[in-house]
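All remarks here apply to the structure that follows.
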Amino acid sequence: MAETIFSKIIRKEIPADIVFENEHVLAFRDIKPQAPVHILIIPKVEIPSVKELSGAEHSKLLGELIDAANAIAKKEKISEIGFRLVLNCGPDAGQEVYHLHMHLLGGRKMKWPPG
Ligand code: AMP
């Protein structure tokens with residue numbers, strides 16, 4: 001699958017409001033925020049979506065995305081009041097960018113079920 005705009009953000013070829021970075025993970029603010037805090041947490045390696053995840057290495061990577069989400073939620077002061085993590089996979093879920101990403105949403109009361 002062709003690379004996405006997120007690969008350019010990883011390589012710092014286009015700007016993004018980066019809030020977290022380590023060896024395997026990058027996180028930046030969503031350009032069209034759906035909540036006061038809306039951050040995308042992505043692996044630096046190109047994986048199109050959740051359905052391509054398998055095996056121990058990917059499980060570890062997913063754990064690293066969650067570790068990053070927890071660290072960012074604390075920094076954004078939404079860890080105690082609550083937040084939502086969303087992984088859209090495929091057309092029916094509304095996935096637009098085919099580079100695996102976890103949405104971290106918070107800072108407002110969320111509804112359930114989601115739209
Ligand atoms: P999804 O629908 O799960 O694929 O989400 C893709 C998200 O990427 C959307 O919320 C977009 O607003 C966001 N997005 C697309 N391009 C950029 C960008 N250049 N910088 C930050 N967020 C982006």
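FYI, it's all coordinate maths here, none of it is from the lab. For clarity, every value in this text was computed on a predicted model and none was experimentally measured. As a convention, Cβ positions derive from the backbone with ideal geometry for all residues, glycine included, and neighbour counts pool all protein chains shown.
Observations on the structure shown:
- Ranked ASP67, ASP30, ASP92, ASP17, criterion: other C-beta atoms within 10 Å, fewest first: ASP92, ASP17, ASP67, ASP30
- Nitroxide proxy distance, nm - points 7 Å out along Cα→Cβ at TRP112 and ARG29: 2.9
- Residue-by-residue Karplus 3J(HN,Hα) for region 11-26, coefficients 6.51, -1.76, 1.60, Hz, glycine and proline x: 7, 6, 7, 10, x, 7, 8, 6, 10, 7, 8, 9, 4, 10, 10, 10
- With contacts taken as Cα pairs under 8 Å at a separation of at least 6 residues, the chain carries a relative contact order of 30 percent.
- Between 0 and 90°, nearest 10: helix 55-75 axis offset from the chain longest Cα axis: 40
- Alpha-carbon Debye profile of region 5-106, log10 I(q)/I(0) at 0.19 Å⁻¹: -0.95
- Net length gained if the chain between GLU52 and ASP17 were fully extended (0.36 nm per residue, minus Cα distance): 9.9 nm
- Under 18 Å from the Cα of LYS8 - aspartates and glutamates, other chains or at least 8 residues apart: ASP17, GLU21, GLU23, ASP30, GLU46, GLU96
- Net length available on complete extension from ARG84 to ASP67 is 4.7 nm, with 0.36 nm assigned per residue and the Cα-Cα distance removed.
- Distance between region 25-48 and region 60-115 - C-alpha centres, whole angstrom: 8
- Dipole magnitude for the chain: computed about the Cα centre from +1 point charges on Lys and Arg Cβ and -1 point charges on Asp and Glu Cβ, it is near 500 debye.
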